[in-house]
Amino acid sequence: MDWNRLFVMQEKLDQYIENNQGITGKDLFSEKVLALLVEIGELANETRCFKFWSKKPKSDKEIILAEYVDGLHFMMSLGLDSGYQYETQPIEPVMNTETEQFNLVFEACVLFNQDPSLANYHHMFVTYLQLGKKLGFDEEDIYDAYIEKNGINYERQDHGY
């Protein structure tokens, strides 16, 4: 996957949002961490993997993928703010349940919030990509969905989102 292209797109979107919202130069690290955690929670809610009390099925794959790339937007934005980018590497599949993997992702995000080092960023990113694999997404799915959602995010900014 061409992560560099996605990071360039994310950087341009971040600049567009900051200019549009009049917040250029503001430190948004805490807001972006919280936004990432909320997006991961929304993703978990669409998978329903933790809802042992409910028989309602998970959402359609397209909805889950859209939520997944929402989280990816904030994860990449945090990396850019910290001077980090993810470099492509093989992602090993995990044997965890979806619920266990979500918990690992949350833990990795909190760890990065507490200590925003390159090692912790990389761990958070890989853990999130492993979750994507666990949810059945390949690189092409993620790439295409990111491109589509990036365009939607510009439209939202242009229409007072």
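Here is a yes/no grid of residues against (1) over 15 Å from the mean Cα position of the chain (by Cα); (2) basic (Lys, Arg); (3) at pLDDT 95 or above; (4) closer than 23 Å to Asp2 by Cα:
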{"residue": "Leu37", "(1), (2), (3), (4)": "no, no, yes, no"}
{"residue": "Glu42", "(1), (2), (3), (4)": "no, no, yes, no"}
{"residue": "Trp53", "(1), (2), (3), (4)": "yes, no, yes, no"}
{"residue": "Pro57", "(1), (2), (3), (4)": "yes, no, yes, no"}
{"residue": "Asp60", "(1), (2), (3), (4)": "yes, no, yes, no"}
{"residue": "Leu72", "(1), (2), (3), (4)": "no, no, yes, yes"}
{"residue": "Met76", "(1), (2), (3), (4)": "no, no, yes, yes"}
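From the list Thr47, Thr24, the lone residue that is among the polar types (S, T, N, Q) and in contact (Cβ under 8 Å) with a residue 12 or more places away in the chain is Thr47. Scanning the stretch 16-59 for residues that are charged (D, E, K, R) and touching a helix residue (DSSP H, G or I) at 6+ places or on another chain (Cβ under 9 Å) yields Lys26, Asp27, Lys32, Glu39, Glu42, Glu46, Lys51, Lys58. The requirement of being at pLDDT below 95 and surrounded by 18 or more Cβ atoms within 10 Å (Cβ to Cβ) is satisfied by Tyr146. For the stretch 119-139, the count of residues that are open to solvent by 50 Å² or more (accessible area, probe 1.4 Å) and among the aromatic types (Phe, Trp, Tyr) is zero.
Annotation: of all residues in the stretch 39-86 being part of a loop (DSSP other than H, G, I, E, B) and either of a type in the set (A, V, I, L, M) or under 18 Å from Ile147 (Cα atoms) (or both), the one that is most open to solvent (accessible area, probe 1.4 Å) is Gln85. Consider Asn96 carefully, then state whether it is assigned to a helix (DSSP H, G or I), at pLDDT 95 or above and over 19 Å from Leu6 (Cβ atoms). No.
The values are calculated or read from the model by the stated rules, or taken from the named source; none is laboratory data. Not measured: the values here are computed from a predicted model. Quick reminder, even Gly has a Cβ in these numbers, built from the backbone with ideal geometry, and neighbours come from all protein chains shown. For accessibility, only protein heavy atoms count, side chains too; no ligands or nucleic acids. Shrake-Rupley method; radii C 1.70, N 1.55, O 1.52, S 1.80 Å.
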